[in-house]
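No lab work stands behind these numbers, since they all come straight from the coordinates. Treat the numbers as computed from the prediction; the structure is a model and nothing was measured. Here Cβ is always computed from backbone atoms with ideal geometry, including for glycine, and neighbour counts include all displayed protein chains.
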Amino acid sequence: MLRTKIYIAISTIGAILGIAAFICFCLVYANIEAGMWALLSGIHASLTLVLHCHYLKESLHVNFSRKALQYLGDFGIVGFVSGLALTLFYTFLEFYYKAGIIPVQTSIVIRLIWSFAMMKWGLTLYLFTKKYLRTYNDHQLFSENPNIEET
């Protein structure tokens, strides 16, 4: 339980930072790319937070079917692969142009940081959906309980 509460705290911080960075970079600094990667990072962190909260309240099986968790895992792996590709691309650009953090509007480093965060939260979402899928019992699929969805 303590471990899940720590996961909830970390996911909350990730979600808040991602959404705050989206607002900051898009509206204040006009670095749209960094803002978009921050928003996607925040979305992945928020979905991870939702999973942890439902797991802690023991309502994961009630609110998410196996198929829904598999779709969340797929969304996480897409975020991971996209973030990995963007991180490698921005790393190459940073070494090639040797640009700094300032000016923020055109900073490659900030884009690199938020693409890495998107990669990290995408992988985290994928791994936790796989972990929580293992908690589903196969006999739940064949029970006559009408509240359990078919997969």
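Structure values in brief
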item	result
Ranked packing of 123-129, 83-89, 52-58, 36-42, most packed first, by mean Cβ within 10 Å	36-42, 123-129, 83-89, 52-58
For the range 80-140, the fraction of alpha-carbon pairs in successive 5 Å shells from zero, as %	4, 19, 19, 16, 12, 8, 7, 6, 4, 3, 2, 1
In Hz, Karplus ³J(HN,Hα) per residue of the range 27-32 (6.51, -1.76, 1.60; θ = phi - 60°; x = Gly, Pro)	8, 8, 9, 6, 9, 5
Kirkwood Rh, angstrom, the chain [1 / mean 1/r, Cα pairs]	16.5 Å
Residue-wise HN-Hα coupling along the range 66-71, computed from phi with Karplus coefficients 6.51, -1.76, 1.60 (Hz; x: Gly, Pro)	4, 5, 5, 5, 5, 5
Relative exposure of Ser65, Ser115, judged by other C-beta atoms within 10 Å (fewest first)	Ser65, Ser115
26 Å Cα cut-off, lysine pairs counted over the range 2-135 (separation 8 or more, or different chains)	15
